[in-house]
Amino acid sequence: SNAIVNREGYLNRIKGMTYGEDPRQGFFRGNTFLHPDLRFQLSFPQGWKAQNTPSAVVAMSPGQDAAIQLGLAGQTPPAQAARQFLSQQGVRAGNSSTQSINGMPAASSYFAAQTDQGQVEGLVTFVSYRGTTFAILGYTVAGNLSRYDQVFRQSVLSFRELNDPAALNVQPAKLELVHVDQPMTLREFNQRYPSSVPLAELALINGLSGENPELRPGRLYKRVVGGVT
């Protein structure tokens, strides 16, 4: 019947549905950001709060007085990208270098700049890798650079090729439907049909509440498989 056809179509859609963010577009393992599709990794300072946004990856210091930002600068050669950055209005260049980073062409410069939030100073680095130029910008409030200089440079020097097979082959998590044929708790369900998300998140996905809710036989419940583990 049409009802059966529609139900099977619904089940197939659920089974192939991606759950959560796509790790192919970048994910964190501890304080290290890994990007499987672009095949690179970059480590941020321990204890800094990092976030992957559509335009850049940004990490903020615990005191919120310094930040490190990773973005893209197209295919512009590093030295040219650095000149363009330093030629912006309100930006003053400091000591610069064209030393390579882990075998990749790079250009770095200290700088000071006047922003809407006040004066800042920092270190900007452009690295060319696999035909793309990456921009790594570390900055802090004026007068604070000596405190964060080493931290900025360590993060820049951590930029390297990603060659971990597990990270390179990671795939998005997906939803699967499971038909429960006997009474069981959510914890028992998770033991029998393991999910790659915490138990509390699994309860939320299934619209369940309580510490260890009961699942009713004869019903379909969702689980999450794959993704970053």
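Would region 62-70 turn up any residue that is free of Cβ contacts under 8 Å to residues at least 24 places away in the same chain and in contact with a Phe, Trp or Tyr (Cβ under 8 Å, 6 or more places away or on another chain)? Yes, some residue in region 62-70 is free of Cβ contacts under 8 Å to residues at least 24 places away in the same chain and in contact with a Phe, Trp or Tyr (Cβ under 8 Å, 6 or more places away or on another chain). Total residues in region 129-178 satisfying the condition of being touching a Phe, Trp or Tyr at 6+ places or on another chain (Cβ under 8 Å) and of a type in the set (S, T, N, Q): the figure is 3. Do we have any residue at all in region 159-177 that's polar (S, T, N, Q), closer than 30 Å to Gln64 by Cβ and open to solvent by 50 Å² or more (accessible area, probe 1.4 Å)? Checking region 159-177: not a single residue is polar (S, T, N, Q), closer than 30 Å to Gln64 by Cβ and open to solvent by 50 Å² or more (accessible area, probe 1.4 Å).
I need the full set of residues from region 136-147 which are within 22 Å of Asn102 (Cβ to Cβ) and open to solvent by less than 20 Å² (accessible area, probe 1.4 Å), in order please.
First pass over region 136-147, keeping only residues within 22 Å of Asn102 (Cβ to Cβ): 136-138.
Matches in region 136-147: Ile136, Gly138.
Here region 111-129 is the region considered, the condition is being open to solvent by 60 Å² or more (accessible area, probe 1.4 Å) and part of a strand (DSSP E or B), and the residue that is nearest to Gly143 (Cα to Cα) is Gln119. If the condition is being farther than 29 Å from Ala167 by Cβ, among the polar types (S, T, N, Q) and open to solvent by 40 Å² or more (accessible area, probe 1.4 Å), then region 182-229 contributes Gln182, Ser209, Asn212.
So which residues in region 172-200 are of a type outside the set (S, T, N, Q) and in a strand (DSSP E or B)?
Matches in region 172-200: Ala173, Lys174, Leu175, Glu176, Leu177, Val178, His179, Val180, Met184.
Could you identify the single residue in Ala203, Ala166 that is modelled with pLDDT under 95 and assigned to a helix (DSSP H, G or I)? Just one listed residue meets the conditions, Ala166.
Results for (1) outside any strand (DSSP E or B); (2) open to solvent by 70 Å² or more (accessible area, probe 1.4 Å); (3) basic (Lys, Arg), shown as yes or no for each residue.
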residue: Phe28; (1), (2), (3): no, no, no
residue: Gln46; (1), (2), (3): yes, yes, no
residue: Ala59; (1), (2), (3): no, no, no
residue: Ile68; (1), (2), (3): no, no, no
residue: Ala82; (1), (2), (3): yes, no, no
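The values are calculated or read from the model by the stated rules, or taken from the named source; none is laboratory data. These figures come from a predicted structure and were not determined experimentally. Don't worry about glycine lacking a Cβ; one is built from the backbone with ideal geometry, like all the others, and counts go over all protein chains shown. Keep in mind that these areas ignore ligands, DNA and RNA; they rest on the heavy atoms of the full protein, side chains included. Shrake-Rupley method; radii C 1.70, N 1.55, O 1.52, S 1.80 Å.
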